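The values are calculated or read from the model by the stated rules, or taken from the named source; none is laboratory data. Just so you know, these numbers come straight off a predicted model, no measurement behind them. In this analysis, Cβ positions are derived from the backbone assuming ideal geometry, glycine residues included, and neighbour counts consider all displayed protein chains.
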There are 2 protein chains.
Amino acid sequence: MKKARGEDALIEHMERAFPGGGPLLLGPGDDAAVLRVRPGYRLVATVDEMCEGVHFLDRFSTPELIAGKLLRMNLSDLAAMGEARPLALLTAAGLPRAASGAWARRFVAALRAGARRFRVAVAGGNITRSADKHFSMTLLGECRGFVTRYGARPGDLVYSLGPLGLARAGLELLLSGAARAGWAELVEAFWRPRPMLAEGALIGRRGLASAMLDNSDGLYRSLGIIARLSGCRVKASLPDEACSPALRRWAAARKKDWRLYALAGGEDYGLVFCCRPSKAALVGRLLPDAVPVGAAAKGRGVEVEGYGGEIPVFEHF
Amino acid sequence: MKKARGEDALIEHMERAFPGGGPLLLGPGDDAAVLRVRPGYRLVATVDEMCEGVHFLDRFSTPELIAGKLLRMNLSDLAAMGEARPLALLTAAGLPRAASGAWARRFVAALRAGARRFRVAVAGGNITRSADKHFSMTLLGECRGFVTRYGARPGDLVYSLGPLGLARAGLELLLSGAARAGWAELVEAFWRPRPMLAEGALIGRRGLASAMLDNSDGLYRSLGIIARLSGCRVKASLPDEACSPALRRWAAARKKDWRLYALAGGEDYGLVFCCRPSKAALVGRLLPDAVPVGAAAKGRGVEVEGYGGEIPVFEHF
């Protein structure tokens, strides 16, 4: 289950309510569910949603951007399972009466193009009228093994792979209505996150990770999820190399602390994973872009070097 | 693809845009998609949605009613595929900030109860903030054979199985705010349609139907879909036995034409199917409640005895 801000308690309630069983090898609470539908055959399934006024505003969105991001968000969930291969998607769209048929046709065309690009079949859809635009997507895939969020142990190292803080900076830029010239990378990070399917598959195939999730809620929350589900404490520290040149430039221009964006920004859709210390050399060799951001220890919760208390969480809007 | 009223053209566009292929044995355009994920193993998948202000109003809904109907609508789509067995569901919920945690927990509890009742695993979910309440659900199942919407041939007989017009009458009752005493059956038909899984499975297993769909859009539209997709004309005629006692009593009290409700009401979630004349006796014996409502002929479109022109279509609200 993924969440709106501030609904952690509800999510925990839901995870307890649906503990798996039956065909479920892994139920709600991970990036995707895993179903054993045939001996030796495992299906993965995940659902995600984008709502106008919460995840985007009409004035800075297009059907192409929405369709693309919806697919990429879901693919990112599959990437976080390890060796999952996308198979098919179903989507439900709510469109206000004012949204023209042309808008919907552009959305459909973009969905088709995205599905072709990522080799996913479009299996079904539903269109309904609604007050605001909203779009949910269920993505199905198949997998051999899978990596959960709960396998970290004290002593494991924690890595971040992919952008940090860029999407949040991009969203602030879009919300401010400021000129986007020179900041294309930030806007791109917000609208067109790259699902790390190849990296996730490599991590799964080589058995590198003890726990993994996609970084959709920001690094601080991601670490909190690993800590809570794995029953350990995560001590984090953000090295300078975790800051991309674009974020550094943006933070300098706006006089912001880049670490807060990296920790709490959200919607980055990279991967956060843990590994045993014995695998660190292999991780360094196979995934040179993976940045060490901490280690698991005995205890509970997340502690970030240089930030004493709670990290302030960005609301979407 | 199912649709909001008046979006037939868009649906047709989408069906052309996603013609199937890859793992898809049957793509968008039927009650559910069929995917061949392993030799000899077929997955069915369908998605449906309910939006506040379009499918229900807050003042006459509860979390339990919404969760139950959402599941039943989706199960009905599976029933219309023939021998499909429900497997797992994923749901996406949009809740306004004003919806309390208690509301959401009741929704979760009701979803769990419904899933247990119909033996479906809850595989995943997503909660987001939104302006109005909305809920989409993807239901996965497995099937051996399946019945499409496009197999009807001239000469086939057409049957309706299940309630006709009751859900629309129930909705009008709820909208009017009138006392519901004495009309429980209508309100029940709107909120708690019975997915005809056993009947659908029987039809599939015995190979009774040349085409089948669930009657979510009203009989007239259902017949239109069969006619269009099968490339034939449907000549329909509603015998008195198609009118349930509750609808007859309601139509008399409100001075309404019951046939218009039966033809255009929508949200009935029964089954509409065609069969070769040689199977009529078997249908009569195995499904004594199936009501003959017409026959397929050469040509195009739908013609209803006693109704010269177009049947007026009810808007949701």
* Among the residues of the stretch B:100-137 satisfying the criterion of being more than 9 Å from chain A (Cβ to nearest Cβ) and assigned to a loop (DSSP other than H, G, I, E, B), which is nearest to B:LEU271 (Cα to Cα)? -> B:PHE118
* Asked: Only one residue in A:LEU186, A:LEU164 is at pLDDT 95 or above, within 20 Å of the chain's Cα centre (by Cα), more than 30 Å from A:SER230 (Cβ to Cβ) and surrounded by 24 or more Cβ atoms within 10 Å (Cβ to Cβ), so which one is that?
  -> A:LEU186
* Checklist (1) facing chain B (nearest Cβ under 7 Å); (2) surrounded by fewer than 22 Cβ atoms within 10 Å (Cβ to Cβ); (3) modelled with pLDDT of 85 or more; (4) more than 24 Å from A:PRO193 (Cα to Cα) applied to A:VAL54, failing item -> (4)
* Residue selected from the stretch B:137-158 under the condition within 15 Å of the chain's Cα centre (by Cα) and among the hydroxyl-bearing types (Ser, Thr, Tyr), by the criterion farthest from B:GLY29 (Cα to Cα) -> B:THR138
* To do: Take the stretch A:275-303 and flag every residue that is closer than 20 Å to A:GLY218 by Cα and out of contact with any Lys or Arg (no Cβ under 8 Å at 6 or more places or on another chain).
  => A:CYS275, A:ASP289, A:ALA290, A:VAL291, A:PRO292, A:VAL293
* To do: With respect to A:ILE226, determine if the residue is outside the structural domain of A:GLU188 (by TED's automatic domain parsing) and either acidic (Asp, Glu) or touching a residue at least 60 places away in the same chain (Cβ under 8 Å) (or both).
  => no
* Structure fact -> Checking A:GLU172, A:GLU241 in turn, the sole residue that is farther than 22 Å from A:ASP289 by Cβ and acidic (Asp, Glu) turns out to be A:GLU172
* **Top-ranked residue of the stretch B:84-99 - restricted to ones that are more than 10 Å from every other protein chain (Cβ to nearest Cβ) and over 21 Å from A:LEU90 (Cα atoms), ranked as modelled with the highest pLDDT** => B:PRO96
* **Single condition B:MET196 does not satisfy, out of (1) in contact with a strand residue (DSSP E or B) (Cβ under 6 Å, 6 or more places away or on another chain); (2) under 24 Å from A:ALA93 (Cβ atoms); (3) in the same structural domain as B:ALA290 (by TED's automatic domain parsing); (4) not acidic (Asp, Glu)** => (2)
* Residue that is modelled with the lowest pLDDT, among those in the stretch A:306-317 that are assigned to a loop (DSSP other than H, G, I, E, B) and surrounded by 12 or more Cβ atoms within 10 Å (Cβ to Cβ) -> A:HIS316
* **Residue among B:ILE11, B:ILE66 that is touching a Lys or Arg at 6+ places or on another chain (Cβ under 9 Å) and at pLDDT below 85** => B:ILE11
* **Complete set of residues in the stretch B:103-117 that are out of contact with any Gly (no Cβ under 7 Å at 6 or more places or on another chain) and buried (at least 17 other Cβ atoms within 10 Å of the Cβ)** => B:ALA104, B:PHE107, B:VAL108, B:LEU111, B:ALA115
* Asked: Does any residue of the stretch A:23-30 turn out to be at pLDDT 95 or above and at the interface with another protein chain (Cβ under 10 Å from one of its Cβ atoms)?
  -> no
* Asked: For the stretch B:197-212, does any single residue satisfy the condition of being under 27 Å from B:LEU65 (Cβ atoms), among the hydroxyl-bearing types (Ser, Thr, Tyr) and either assigned to a helix (DSSP H, G or I) or touching a Cys at 6+ places or on another chain (Cβ under 7 Å) (or both)?
  -> no
* To do: For residues that are farther than 14 Å from A:SER136 by Cα and touching an Asp or Glu at 6+ places or on another chain (Cβ under 6 Å), scanning just the stretch A:82-102, find the one that is surrounded by the most Cβ atoms within 10 Å (Cβ to Cβ).
  => A:LEU87
* What about B:ASP240, is it surrounded by fewer than 23 Cβ atoms within 10 Å (Cβ to Cβ) and over 19 Å from B:PRO277 (Cα atoms)? -> yes
